[in-house]
Amino acid sequence: MQRTMLETMIRAYAASWAARDREAWLRTFATDATQEDPVGVPVRRGHREIGEFWDREMARYRSIEIVPREIFVIDHEAAMVWTINGVTDEGPVSFDGVDVFQFDDAGLVSSVRAFWERASAFTRLSDVARQGRKATQGEAGNMKKSRSKRAESPSELIDARIEDLGDWRGEMLSRLRALIKEADPEVAEEWKWRGTPVWSDNGLICTGETYKNVVKMTFAKGASLKDPSGLFNSSLEGNVRRAIDFHEGDKLDEAALKALIRAAVALNKS
């Protein structure tokens, strides 16, 4: 079986998550396929049970993408090393794993087994939720102690996020924030989904999400923006959003990024 054909199928499998395209995802599976995700749970069989898994996962996330890191193919088998980046009601979450595939003669997935630490991933979600509750409780306590003390503004919360990160991600988020303000002096800073910096002007422009290995700038209407410099490198299959993933050591094309931000503002105002 051709390596390129299976790689294309695996990338379509991953891309359908960012696009939230249930039917496209199910089309990568044979009708009698099996799925064990994660390894250790009861095996799901056929499109109905596998589709129910999709429905549960999509209900959990406001947005989610599977980022393929490496793909290995040998004959009818393949493995994909991936990172999942998502945003839940509690905030952003990121974790890593490996999917191991078997394919039938038609090039469809006949079996997939996903190796990732379920407890670790859901512990991160719980930690984010607890942090959000503690922050809310702390603010409430301060309000009781002093009615004159106002709650932290979105800008102050973003300041705190940058300081708390304390590494290249904080520096990158700070640089992106400065560029957004330079591109649009009237931009409003917001703090949404219990922990995601957001910039708006006549509607949402972009977010500034931070994960373990990436700072992600997601443009709410990115699919409608021209990108002559090719800045978008993530969430490319969706019908609405586009994103830019920044990694440690990446250099910023400041002029192109500011042009993209201005275009997003212009689209909001059109």
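The values are calculated or read from the model by the stated rules, or taken from the named source; none is laboratory data. Remember, it's a predicted structure, so these values are computed and weren't measured experimentally. All Cβ positions, glycine included, derive from the backbone under ideal geometry; neighbour counts span all protein chains shown.
When restricted to residues that are of a type outside the set (Gly, Ala, Ser) and within 22 Å of residue 25 (Cβ to Cβ), the range 217-231 contains 1.
Annotation note: of 24, 18, the sole residue that is of a type outside the set (Val, Ile, Thr), under 25 Å from residue 245 (Cα atoms) and surrounded by fewer than 16 Cβ atoms within 10 Å (Cβ to Cβ) is 24.
Selection of the range 3-35 for residues being outside any helix (DSSP H, G or I) and under 14 Å from residue 104 (Cβ atoms) yields 27, 28, 29, 30, 31, 32, 33, 34. Could you tell me whether any residue of the range 39-57 is touching a residue at least 12 places away in the same chain (Cβ under 8 Å), outside any helix (DSSP H, G or I) and touching a Ser or Thr at 6+ places or on another chain (Cβ under 7 Å)? Yes; the residues of the range 39-57 include at least one that is touching a residue at least 12 places away in the same chain (Cβ under 8 Å), outside any helix (DSSP H, G or I) and touching a Ser or Thr at 6+ places or on another chain (Cβ under 7 Å).
Within the range 48-78, the residues that satisfy the criterion of being small (Gly, Ala, Ser) and within 23 Å of residue 31 (Cβ to Cβ) are 51, 78. Put simply, of 230, 238, 203, 195 the only residue that is loosely packed, with under 14 Cβ neighbours inside 10 Å and in contact (Cβ under 8 Å) with a residue 60 or more places away in the chain is 203. Filtered by the rule that a residue be modelled with pLDDT of 50 or more, of a type in the set (Asp, Glu) and surrounded by 11 or more Cβ atoms within 10 Å (Cβ to Cβ), the range 128-163 gives 152, 156, 159. Scanning the range 239-251 for any residue that is more than 21 Å from residue 169 (Cα to Cα) and either outside the structural domain of residue 175 (by TED's automatic domain parsing) or not hydrophobic (A, V, I, L, M, F, W, C) (or both) turns up at least one such residue. Restricting the range 30-44 to residues that are under 23 Å from residue 86 (Cα atoms) and crowded, with 16+ Cβ neighbours inside 10 Å, the residue that is nearest to the chain's Cα centre (by Cα) is 37. The residue that is surrounded by the fewest Cβ atoms within 10 Å (Cβ to Cβ), among those in the range 45-72 that are farther than 17 Å from residue 114 by Cα and in contact with a Gly (Cβ under 7 Å, 6 or more places away or on another chain), is 61.
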